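Single-structure report; data block below.
What follows draws every value from the coordinates through simple rules; no lab data is involved. Keep in mind the model is a prediction, meaning the values are calculated, not measured. With ideal geometry, Cβ positions are generated from the backbone for all residues, glycine too; neighbour counts draw on all protein chains shown.
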Amino acid sequence: MNEKQTTDNIIIADAAFIDKVAFDLIVNFERMLERRIPQADLAKWVECIALDGGLREGSHQTTVVLTHDKEQETLKNFLPSNFSQELDGKAFNGPLGEFCFSTPCGETYVGKDELFLDTLQTFLAEKDVKRIMVIPDDSLYNNVRDILRKVHDDDKRITVFAMQPMPGGNFRQEILGYSLMAALGIRGEEINSRN
C-alpha cells in the first residue's frame, strides 16, 4: 500500500517577478563586474531560498510552486526554464532533501495573482505544512501581508522574500537578491574587490 507522501515545506513564487528580478541583477552586475552573468541555476536558487527560510540538511520534502500567466511558458533568466517540459512534475534531490516542482498557470477566470494568493491560503490551511517561503510580486505584497496577519499557527514558519525590507507582519523577512545572486554565480568577494 502506498503511503501518502506529505510535504512539510512549500516555496511559492511569482515566476514573472523572479524572472524580472534576475534580469535586473544580470544587467546591473554585468555592468558592474564587467563580465557576462549566466542564467540563474534554478536548483541552486530554490536551495538558497529554503536555507533562508530555515530549512537545514536532511531528507526533507519541499514543493516549489511557480505561478505564472498562460502566456508565459518559460523563465527567460533561469535554467532549467520551460514550465511544461522541464519543470512541472519534475524533482531533484540535494543536501536539503527532495524539491518537487509544480507550475500552475492563471487562466481566463482566475488570473495569476489570484492563483498565487489562493495557493498561499491553501497551504496555510494544511496542518502538515510547517514551513512556507513566499516570493510575491511587489504589487501583491500588501495582499500577502493581510493574509498572513490572519494566521494564528505558531507551528508554521513563514518567510516572505522581497528586494528590500517591507512593512512587516507576523512573519520573517529575507532579501530576495541574495539567493538570486548566489544562483547567478555572483560572489561577495567579487563585488567587494570592485569597491
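For semi-axes √(5λ) of the Cα gyration tensor in Å, several values are listed as (i) 32, 16, 15; (ii) 26, 19, 18; (iii) 24, 21, 16; flag the one computed from this structure.
(ii)
Loop-only trypsin sites (Lys or Arg not before Pro) in the range 132-168, please: DSSP not H, G, I, E or B, and at most 11 other Cβ atoms within 10 Å.
Here the trypsin sites (Lys or Arg not before Pro) that fit, given the DSSP loop and packing criteria, are K150.
Could you pull out the longest piece of the chain with no exposed loop GluC sites (Glu not before Pro) in it, calling a site exposed if DSSP puts it outside H, G, I, E, B and it has at most 13 other Cβ atoms within 10 Å?
108-195
Given a Förster distance of 30 angstrom, what is the FRET efficiency for M32 paired with M166, based on the Cβ-Cβ distance and rounded to 0.05?
Details: r = 25 Å, r/R0 = 0.83.
In this case the efficiency is close to 0.75.
Give the shape of the range 34-100 as rounded, prolate or oblate, defined through the alpha-carbon gyration tensor: a ≥ b ≥ c are the square roots of its eigenvalues, a/c under 1.5 means rounded, and otherwise the shape is prolate if a/b is larger than b/c and oblate if not.
Details: a/c = 2.18, a/b = 1.29, b/c = 1.69.
It is oblate, given that a/c is not under 1.5 and a/b is not larger than b/c.
If I take every Cα pair under 8 Å that is 6 or more residues apart in the chain, average their sequence separation and divide by the length, what percent do I get for the relative contact order?
Details: 321 pairs, mean separation 53.7, N = 195.
Reported relative contact order: 28 percent.
If you find the alpha carbon centre of the range 1-77 and of the range 107-176, how far apart are they in angstrom?
16
Which value in deg cm²/dmol, rounded to the nearest 500, describes the helix-derived mean residue ellipticity at 222 nm for the chain, given -39,500 (n - 2.57) per DSSP H run of n ≥ 4 and division by the residue count?
Computed ellipticity for the chain at 222 nm equals -10000 deg cm²/dmol.
Take the Cβ-Cβ distance between E73 and D154 as r, set R0 to 30 Å, and report the resulting FRET efficiency rounded to the nearest 0.05.
Numbers: r = 40 Å, r/R0 = 1.33.
E between E73 and D154, to the nearest 0.05, is 0.15.
To the nearest 0.05, what FRET efficiency results for D24 and N143 with a Förster distance of 22 Å applied to their C-beta separation? Don't jump to the answer; show the numbers that get you there.
Values: r = 23 Å, r/R0 = 1.03.
The pair D24/N143 has a calculated efficiency of 0.45.
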